[in-house]
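Below you'll find the structure, written out as structure tokens, and then a few comments.
Derivation of every value follows stated rules applied to the coordinates shown; laboratory data play no part. Because the structure is a prediction, the values reported are computed rather than measured. When we count neighbours, we look across all protein chains shown, and the Cβ atoms used for this are built from the backbone with ideal geometry, even at glycine.
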Amino acid sequence: MFLFILFLNLLIASPEDKKVEVGIVEHLGGYVDKEMMLVNSTGDTIKLKDILTKPTVVSLVYYNCPGICNVLLSGLRDVIERADIEPGKDYNILSLSFNHNENYVLARNKKHNYLAGMKREINSDAWYWTVSDSTSIRKFCDELGFKFKIDIIEEGRLDFLHAGALIFLSPDGKITRYLNGTEFLPFDLKMASIEAAEGKPQPTINKVLALCFKYDPEGRSYVLNVTRIFGVIILLGVGTLIFVLTRSKKKKNTEVEV
């Protein structure tokens with residue numbers, strides 16, 4: 001069991017994270033720059049600190065994304081509707097396009113479409129849809145450990161390879177929780193918001209699931225990480241064998257002493 005736990009910890013803290021080009025490297029306990037400049041869906045320039053008046057859940061997307069972004073935003077909208085905490089009162093929401101070529105008009109249209117599709121009426125001012133310049137975006141994504149890269153440049157159109165997650169920030173800009181994937185539980189949203197309000201970073205519960213799944217940027221989905229699964233199975237088998245042999249040896253020694 002000790003070897004198994006050690007193996008999991010080594011995987012979770014693997015230096016492989018440093019080589020990640022597309023995905024998320026968690027920076028729990030780290031801080032973002034609250035002076036970051038953003039342009040909201042009305043075209044006004046604001047600072048990140050103007051949003052971080054409450055615990056804030058961040059979704060990094062781009063508005064013309066043909067894939068996972070729409071699924072992520074739909075998952076976020078769904079959990080907002082089902083959770084028993086109230087946007088604008090208990091927490092704020094920030095959606096930021098990491099495509100610096102997108103403008104506030106796209107953000108405005110996206111906001112209108114998603115809010116119009118909600119059954120639950122919420123304070124629209126609590127969900128910020130924003131854009132920013134390339135330097136600010138890259139710095140913010142680096143602070144959060146959000147790794148993306150350009151996939152295709154075709155006729156002036158950019159496509160990106162990236163993963164999906166919700167990232168929680170405390171009012172002082174501390175990174176407190178990551179919820180990976182595109183589907184979320186109301187309980188997780190509530191607890192992550194409470195933890196962010198208290199400024200207490202918490203390890204990602206589904207980090208263990210990340211040992212079994214990895215993000216495939218080409219397929220734009222999560223797939224089984226066969227190598228790691230077999231590694232865990234082999235380690236468990238070796239650990240079990242050692243335990244059985246050690247136990248048998250101790251038993252024989254006890255019988256001889258008797």
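Whole-Hz Karplus values for region 133-150 come out as 7, 4, 5, 5, 5, 4, 5, 4, 5, 5, 4, 8, x, 8, 9, 9, 8, 6 Hz, taken residue by residue from phi with 6.51 cos²θ - 1.76 cosθ + 1.60 and θ = phi - 60°; glycine and proline positions read x.
Among the listed pairs LYS19/LYS89; LYS19/LYS190; LYS149/LYS174; LYS89/LYS149, a Cα-Cα separation exceeding 30 Å is found for LYS19/LYS89; LYS19/LYS190; LYS89/LYS149.
Can you bin region 46-107 into rounded, prolate or oblate? Criterion: square roots of the alpha carbon gyration tensor eigenvalues sorted a ≥ b ≥ c, rounded for a/c under 1.5, prolate for a/b above b/c, oblate for the rest. Could you put the intermediate results ahead of the total?
Working: a/c = 2.80, a/b = 1.26, b/c = 2.23.
It is oblate, given that a/c is not under 1.5 and a/b is not larger than b/c.
Seen from GLU86, the other residues with C-beta closer than 13 Å to its C-beta sum to a net charge of 0, counting Lys and Arg as +1 and Asp and Glu as -1. Judged by the gyration tensor of its Cα atoms, with axes a ≥ b ≥ c, region 132-196 is oblate; a/c meets the 1.5 cut and b/c is at least as large as a/b.
Distance between the C-alpha centres of region 119-184 and region 31-66: 9 Å, rounded to the whole angstrom.
Please identify the trypsin sites (Lys or Arg not before Pro) of region 77-130 that satisfy two criteria: DSSP loop assignment and at most 13 other Cβ atoms within 10 Å. Which are they? Intermediate results must be reported in sequence, preceding the final value.
Details: sites: ARG77, ARG82, LYS89, ARG108, LYS110, LYS111, LYS119, ARG120; in loops: LYS89, LYS119, ARG120.
For trypsin sites (Lys or Arg not before Pro) across region 77-130 that sit outside H, G, I, E and B with at most 13 neighbouring Cβ atoms in 10 Å, the list reads LYS89, LYS119, ARG120.
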